[in-house]
Structure formats: C-alpha cells, structure tokens
1. Got the relative contact order for the chain handy, in percent, Cα pairs under 8 Å and 6 or more residues apart?
2. So for the stretch 217-335, averaging the separation of alpha carbon pairs under 8 Å that are six or more residues apart and normalising by length, what relative contact order in percent results?
3. Let me have the 222 nm mean residue ellipticity of the chain computed from DSSP H runs of 4+ only, each contributing -39500 (n - 2.57), with the sum over all residues rounded to the nearest 500.
4. Need one word for the stretch 217-335: rounded, prolate or oblate. Basis is the Cα gyration tensor (sqrt eigenvalues a ≥ b ≥ c); a/c below 1.5 gives rounded, then a/b vs b/c decides.
5. Karplus couplings for the stretch 248-262 from phi (6.51 cos²θ - 1.76 cosθ + 1.60, θ = phi - 60°), rounded to Hz, Gly and Pro as x?
6. For the stretch 360-414 and the stretch 290-332, what is the separation of their C-alpha centers, rounded to whole Å?
7. So what J values fall out for the stretch 222-232 if you push phi through Karplus, 6.51 cos²θ - 1.76 cosθ + 1.60 with θ = phi - 60°, rounded to Hz, Gly and Pro as x?
8. Would you list Met89, Met450, Met158 from fewest to most Cβ contacts within 10 Å?
Amino acid sequence: MGQVEELFRIVGPQNVLRGAAAQSYCTDWRGRYQGRALAVVRPGSAEETAAVVRWCADRRVALVPQGGNTGLCGAGTPDEAGQALVVSMTRMNRILEIDTDNDTLVAQAGCILRNVQEAARDAGRLFPLSLAAEGSCTIGGNLATNAGGTQVLRYGNMRDLTLGLEVVTAQGDVLNGLRGLRKDNTGYQLRDLFIGSEGTLGIITAATLKLYPRPAAQLTALLALDSIADALAVLGLAREGFGSSLTGFELMAGSCLQGVVRCFPEQRLPFAGDAQRSPWFALLELSDSESAAHARERFEQIIGRGLETGVIQDAAIAESISQSRALWHLRESIPLAEKLFGKSIKHDISVPVSRIPDFVRVTNAELQARFPGVELVIFGHLGDGNLHYNVAKGTAFSESDLLALQPAVNEVVYDSVHAHAGSISAEHGIGQLKRDVLPRYEDPVELALMHRIKHALDPLGLMNPGKVLSPDRSPD
C-alpha cells in the first residue's frame, strides 16, 4: 500500500481524492490562487481528523484546512509543490445540539452558515452572522477568519458569537472545549487563539455558538446622502435613537449602486430625480423587540430628524419584507457588478469610525495623483469602521495595466490606513495575500509574539504553512 493509500484506513477510500477529483479544492473561488495537493482528505469526525493530523505529523506532511473554499486571501489554497494534504471539513456538517434555555447551538465545522441560521430560526432564535457567501461558507471557515458581516455593529464578529470550540491540535490531540458558558475564568482563553488563526495553529472541528431572541420586527431604509460626514452624523442619530436595536449601517458610494443598476436592470434605486445620483448612500437596519408599529415610529422619528437637519437628502423605507430584501440585494450586488466590470485591486481595511471621512479624502486624492483615472469602488460597514476600498481600472487603464500597479496601489492604501491608526485586514484575514506586507504594518512586538505562539503550538510548522506568517522566520 502506498503512502497516501494509508489514509484509506482512516477516512475510507471514497474520502481520499486525487488528480482531477481534487483540483476544485486546490483553486480558490476567485481563481486568484491555484495549487496542487498530495491528496484531499475528507474526515467525518474529530477523531478521524485527529488521526489524519497524526499521520501527517509522523511523516512531516503539511496540512491545509479548508471549509467552504470561499475565502478571499488564499488561506485555504495549497501551494504549487503538491506536497501538502488538503483537509476538507465538508463532511462534518451536522448540528449537534440546540439549547434554547441556554441560547446556544453546537455545530460541526463543515456546517453551511445558512443552515445554522435556519436551524436557529426553526428553534425560535437568531444566529446573527450574515454575509454574502452564507449559502456556501462554513462555520469552520467563519471561525478561522473571525468573520464579520453586516451585523457586527450589534452582535460582534465570530469571536464574539462563540462560547466554545473543539479543536484538533497540531499534535493530533482533540481539545474538548465545547462548553456553553458565558463565564469561565479557568485560565487562558485558548478559544480566542484559534479563532482568526486561519488554520495555522490547529483545525477547528466544532463550535458552541451564541443564539439570540428573534426580533419582533425589522425595518430597513436606504438613505441618499451628500457626504461621508453626513453619514457619520446619521450614524450618531441612529445610535442615540436606537441604541442596541441598530443592527446594520452600510455605507456605499453612489457609483457603486449606480453600477449595480447598470449591470442588473431588474434592480433599481427607490428614488426620483437628483437623489438617484447622490454621491453616497447608507443602508440602515433597525431590529425592534416590541412590534412593527413601534419600530416604524422610532424609524420615522430618527429619519425625520435627519431630513430636517439636512444630513439626509432623501429616504426610502421598506414597506414589506420583499422591499427590504430588494434594498439589501442592492448592497449585496456591488461585488457582483464590480466583477462584471473587470478585476480590481481589493482592500478590506478598517479605521476608527471618526477618521473614515479623512481617510477616504486623503487616500482618494493620493491615488488620483499617482494613478490618474482609476475608479474607486468604496462600500462597507460604516458602523464598525470596515471599508471595502477597491481600486478599479475605470476608462484609463486596461485590466492588465491596473493589476501591474497592484504593489504600488497597495502601498498607498495601506500606508494611509496605517497613518489613520487602522488595520490592513478587517474581516477577510491575511492568508497568503497579505502575508508579506503584514510585517511592514504590524507592531514588531506583536508580530514576534505571534511567531512564538505559532512555534509553541505547531513546532513542526505543518499547519497551513505560508499563511499569515512568513515560514522562514524562527521565533525570537
């Protein structure tokens, strides 16, 4: 029996894929990263995963953990050497427990996010993580990247939504930490090390997640605005008036939504006249615990104040669930429209909310000065300071010419992010996309500690090598 065939005994021959059957696991969904794998292994339990990891440790074979393969930074893609084992978690897709008294749900890492949302809904609860890839991304991938999405403003990101983890360590041990406790001060919070580690410290196999009461009503409005400063003023009004009921506040450049309408004529902006051509729009969502009437009264009061003071130019409030979905569909269609216009240089960044207007003004001016004619595609989660700040070719560049400028464009954007006390990765992670620029912007002490943690938990360097941290540096 050959080396890879030994894995048949652990997961069964039908769950060891090679050749053409493995290729879709070796390319990220955007087609940016392509690699090769020794094989793709699909374990069906934490025990099988642990056995696979021990097999790899004994033979010094690297592992690349993979969830739904929807990542944006190449963390789930093997390199071109063809010597790593891709460990796909898609078979581990069961919801193990729902406890409505404790408001928790235990899910295996391969569960599709939408299935977790639906299971919570069927139990009369809410699991609030929501993002564009929710129909295909997995809980394990969400945890590995500390996913955010559209409701971080109210509920936090994946680290905030998780109480416990089951993890297979780099040595092939199973860390049984699926406690559904909100208070547990029995030492270091190991859970928080693995969340956001992108598979470089261990393989998450299951999680205990927080559930919330379902709101009695949700209301959505699209606002036409003159500036980002006005958007911040509206955000302040909404926070003051809604408190924790404010669950979403999305900012979109007018060109983004106008591009959506051009690409998808079945969609339209719910405004007439000049408001359709507003330079900025905000999508606002309120979740109310009392009633639809109470929610609408609060909504109209705050939006009315914004119209009276002039920080809102026009507003369209959804009158039904279908209208609310249509407004969110406009927002969610921005990346699809962007893709139709050609490849762009993407940035997932965060800066303090108060500094977003200055960041956009300064960075836009610097990019136009150095690369006249580029188009700036700006949208994101204003409420938590996360912008998707993308640079497109416009009419001045070909796609290939723009992509050749990527290092220089990245430097402008990331230098500005750093100058504004921000982060070069808000919710997509580092992966291999930003690995080599991370040392330029990360605090050197913080980076040294990350290397020490990596070496302590994965001394052989087999867990997703080449992701997040450069592999050629030994701990200080």
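1. 15
2. 46
3. Value at 222 nm, helices only, nearest 500: -9500 deg cm²/dmol.
4. oblate
5. x, 8, 9, 10, 9, 5, x, 4, 5, 5, 5, x, 4, 5, 5
6. 31
7. Values per residue, Gly and Pro as x: 10, 10, 9, 10, 8, 7, 5, 4, 5, 4, 5 Hz.
8. Fewest-to-most Cβ neighbours within 10 Å comes out as Met450, Met158, Met89.
Every number here is computed from the coordinates shown, using simple stated rules; none is lab data. Fair warning: this is a prediction, and the values are worked out from it, not measured in the lab. Glycine gets a Cβ as well: all are built from the backbone with ideal geometry, and neighbour counts include every protein chain shown.
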